[in-house]
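Before any comments, here is the structure.
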Amino acid sequence: MIYYYAHTGHKIGLERARRGITILRKLREAGKEVQLLVNDFRAGVAMKEEQGWPEYVTIETIQDIDAIAQNGDSVIIDSDEDDHGRLVKYVSDFKKVMRFAHDLSDSSVHGEMLLVPECQSDSCLEAVVIDEQYFKPCEKEKRVLFFLGDYDHDKTILGNASFFKAFDMELLLGHYFFVKYEDDLAKCFTALHEPEEYVELLTGSDTVVTASAQAAIEAKASGAKVIYMDIERPALYPMSLMEHYGIRIVHGFDVSALSEALAAPISEASSVLKPYQIEEILAHI
């Protein structure tokens, strides 16, 4: 069995779960027995509604992976939590342990295989994870879609209402947005879309503005003009990498900067995004 643990939650979002589903789908297609582990049951429900992933198991934290996984199983860890030394036991007990790097300076410390955006050693594998569904030809509607992310615990959007009212953007709601939050948000956008429409809207919009790095690369893969807003949220992928793929970066809630980015032509990409393949994972799992 291969377990994929994705750190999720109402203050974290679902980016890790989304790229986890991509990897799990490919592993299942290759005949592997797999299971998704999340630390918030709503994340599992969201992945079923949005991505069509049928099952999941909820655990408390990264320290509880071995409450489900057994000796001889393999584990892929997608989390920035402190494992409090648990990783040592996992590497000892499990057949194979892989984990996503926390940042560009991260390194393998206990013999686990590291998954990184750009790999230049034998102790890591490259992992810019994009599902094949984002590369399928799709007719695009002329709209500017804004997706903050799956959470807005601090009501960031309403705190910058004047910024959003300066543009004609449509909002893709997050799975963890507050109940009855939509009435206030409707005053800032020309239209609101439900979280379950995530894939449909990312592939069907010609322009996407987002503070989610995973959404940014997925929308770029689908052929959209993409602008990533750096609003001091942890980015799943380095901004330098996103720029490499032709994603424009706007820092903060700057009306002039976003207006300029929206008016500019699609940025030239230094490299082309590709659907994620699992051959290297299969060779090491």
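The values are calculated or read from the model by the stated rules, or taken from the named source; none is laboratory data. The model shown is predicted, which means the values in this text are computed figures rather than measured ones. All Cβ positions, glycine included, derive from the backbone under ideal geometry; neighbour counts span all protein chains shown.
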Margin query: Given the condition at pLDDT below 95, of a type in the set (Ser, Thr, Tyr) and on the phi < 0 side of the Ramachandran plot, answer yes or no: does some residue in the stretch 246-267 qualify?
Written below: yes
Next item on the list: Taking the residues in the stretch 164-179 that are closer than 22 Å to LYS142 by Cβ and in contact (Cβ under 8 Å) with a residue 24 or more places away in the chain as candidates, determine which candidate is surrounded by the most Cβ atoms within 10 Å (Cβ to Cβ).
Entry: LEU172
Check: Only one residue in ALA186, ALA224, ALA191, ALA213 is outside the structural domain of GLY44 (by TED's automatic domain parsing), free of Cβ contacts under 8 Å to residues at least 12 places away in the same chain and in contact with a strand residue (DSSP E or B) (Cβ under 8 Å, 6 or more places away or on another chain), so which one is that?
Finding: ALA186
Note to self: Tally up the residues in the stretch 147-170 that are closer than 20 Å to ILE12 by Cβ and in contact with a strand residue (DSSP E or B) (Cβ under 6 Å, 6 or more places away or on another chain), please.
What the structure shows: 4
Note to self: Restricting to the stretch 183-235, name every residue that is in a strand (DSSP E or B) and within 16 Å of the chain's Cα centre (by Cα).
What the structure shows: VAL208, VAL209, THR210, VAL226, ILE227, TYR228, MET229, ASP230
Next item on the list: Just name the residue that is surrounded by the most Cβ atoms within 10 Å (Cβ to Cβ) out of those in the stretch 10-55 that are free of Cβ contacts under 8 Å to residues at least 24 places away in the same chain and on the phi > 0 side of the Ramachandran plot.
Entry: GLY52
Notebook entry, point to check: Scanning the stretch 206-233 for residues that are acidic (Asp, Glu) and touching an Asp or Glu at 6+ places or on another chain (Cβ under 8 Å), which turns out surrounded by the most Cβ atoms within 10 Å (Cβ to Cβ)?
Noted result: GLU218
